[in-house]
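Scroll down for the structure; my scribbles are underneath it.
FYI, it's all coordinate maths here, none of it is from the lab. Because the structure is a prediction, the values reported are computed rather than measured. Don't worry about glycine lacking a Cβ; one is built from the backbone with ideal geometry, like all the others, and counts go over all protein chains shown.
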Amino acid sequence: MSRNLSEFLSRVTDRIMTVGNYDYCPWANKYVYWLKQPIGWFVLAAIASAVIGLFAVPQGWFVCGVVSLVTALGVAWPWLAMRGLTAEIEFERHRCHEQDSIQVTLVVTNRWPWAVWGLLVERGFFESAGEVQCETATTALASVSGWSKTQFTFEYVPPRRGVYPLEPPLLGTGFPFGLWQAHQPIVLNEQLIVWPRCVDLKSLPLLLGERLSAVGAFVDRAGSDGDILSARDYREGDSLRRIHWAHTARQDRLIVCERQTASRQRIVVTLDPWAFSDQTPKERELLDWGLRTVASLCQEFHGHACDLSCELNDERQAVPAAHGSIQQINDRLARFAPLSASQKESITLTTGERAQMTLFVTTVAGWERLSESSLLSEFPSFHVIVLDQRSSLQNNEETPAYDLDRTGTSLSTDRSTKAWMWFDVSENTSQQLRHQWERQCHDNWSTN
């Protein structure tokens, strides 16, 4: 009863707030928006005082003069102060992950002989509802002395992946009255690339590579690297370093050691190009966790020297074993933007037929679309990772049991059927991803 009452009151409150904040006269916005600024009310007060002085009492002219003088000083002082300032920003390093603390250095040069007070660094560092929040100040400076070059250092924690600043930053001041703010562009030497936050995965599925390589995981095939598999008779061309001298003396003929060989597994990590968007906060949360999942998988496979490819927006990019290649993928993930509806119509799904494993990261809507196709039954190496916002479930129902049998029940009876991994992005997402990944790897090794 109390729960139903609270839900009813919440709906009524939301309705009242919607009605109270509705824009009933959008055509008039351009005429009244200037009243949102303090200077607008001072101008209005000056006009009203002038009207009173003209038609009522002469004291109105005195009030009009005082208000006009304050208004003129509140506009001229910030404008003049910013004409003598230049500023530039440098980041401690040029790449980092989400939520990492970055040291930012701001250098302000004041060419005026007097100090400038009340400085703010604005724009480009924070977002609100997907849009850049220009009014949010990144940091504030008390003052800059006259004829000086001052260096300020502050800590900045990027809230989300991307390329920062999101738009050109500004140095502004509204001193002394805060009626109007004057701004000066800040010179940016180099941008900060913020990578998606990675979840540290500790395991890897058992995959026997098909491509022999100088680097990679060792498999039980005849080669010249890794552990010793067996011993055999010497053949012409074998290295003398591989001779097993104890067996040679015992058998009275040359015996050499047979070692493992390195191979690389073909892996394709794909982000569903149809399922993700960034129009609402919930969609952005799903998109961010989709990119974090892709980044975590790429980091794990790359660390084991797999033949890795990453596919974003229907563009597949190989990830060589070199250290710089994983940086390129992370840079691409940081700059990722979902396709528009018209662009998505021209995309065709690729399953990575030649890959030993294809990991397809999608949402519930994408999973429902895939369940209607025959991809899961035709390509056993095609594994789907579903991201869900469990907050949308009614009555906080318990997560359905994971059925990893691809020929199990239909989607209508168990929504996690056939999904390789399925986790909720609204709570302990990193722990869920790590736990389910380790369980899948453990089951993979157990069945092989």
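Under 5 Å between amide hydrogens, which residues at least 5 positions from Phe126 or on another chain qualify, with H placed 1.01 Å from N in the peptide plane?
Sorted by chain and number, the residues that satisfy this are Gln133.
For Ile16 and Leu73, compute 0.36 nm times the residue count separating them, minus their Cα-Cα distance, and round to one decimal in nm.
Values: separation 57, 0.36 × 57 = 20.52 nm, distance 4.17 nm.
Using 0.36 nm per residue and subtracting the Cα-Cα distance, I get 16.3 nm.
Mind sorting Cys25, Cys64 by how few other Cβ atoms lie within 10 Å of their own Cβ, fewest first?
Working: Cys25 8, Cys64 20.
In order of increasing Cβ crowding within 10 Å: Cys25, Cys64.
Nearest 0.05, what FRET efficiency do His442 and Glu368 give at R0 = 25 Å with Cβ-Cβ as r? Don't skip to the answer; put the middle values down first.
Working: r = 29 Å, r/R0 = 1.14.
FRET efficiency, His442 to Glu368: 0.30.
Cross-link candidates for Lys344: which lysines have Cα within less than 27 Å, leaving aside residues fewer than 8 places away along the same chain?
Lys282, Lys418
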